[in-house]
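See below for the structure under consideration.
What follows is calculated from the coordinates using simple rules that are stated; it is not laboratory data. Keep in mind that what you see is a predicted model, and the values were worked out from it rather than measured. So basically every Cβ, Gly included, is an ideal-geometry build from the backbone, and we count neighbours across all protein chains shown.
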Amino acid sequence: MFYVYLLQSESSPNQRYIGFTTDLRQRISDHNSGKSKHTTKYKPWKLISYHAFADKQKAKEFEYYLKTGSGQAFAKKRFW
């Protein structure tokens, strides 16, 4: 499976992160242990939601959409 996930910083709740992975548990662990340079500053992170896809392309397209202006508005209304 391919996962698109939404994280929120516990130390700075206004900081959010959207990502893609095939191993959700390991990826969240990586974020919280500082292995990702983009998220280490705001750790620890909590998982807000994740969305599983059987098709890699569809997952990547959904991740890209959530990072666009309309996707951010959609996520704010539905997920955050």
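Some values worked out for this structure:
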quantity: Reachable lysines, given that their alpha-carbon falls under 27 Å from the alpha-carbon of Lys43 and they are not under 8 places away in the same chain; calculated: Lys35, Lys60, Lys67, Lys76, Lys77
quantity: Charge dipole of the chain about the Cα centre (unit charges at C-beta), most positive-ward option of Ile28, Thr40, Met1; calculated: Thr40
quantity: Alpha-carbon Debye profile of the stretch 2-78, log10 I(q)/I(0) at 0.15, 0.16, 0.23 Å⁻¹; calculated: -0.49, -0.56, -1.10
quantity: Sites Lys77 and Ala52 - FRET efficiency at Förster radius 25 Å, r taken between beta-carbons, to 0.05; calculated: 0.75
quantity: Among 11-22, 46-57, the order from most to least packed when residues are scored by Cβ within 10 Å on average; calculated: 11-22, 46-57
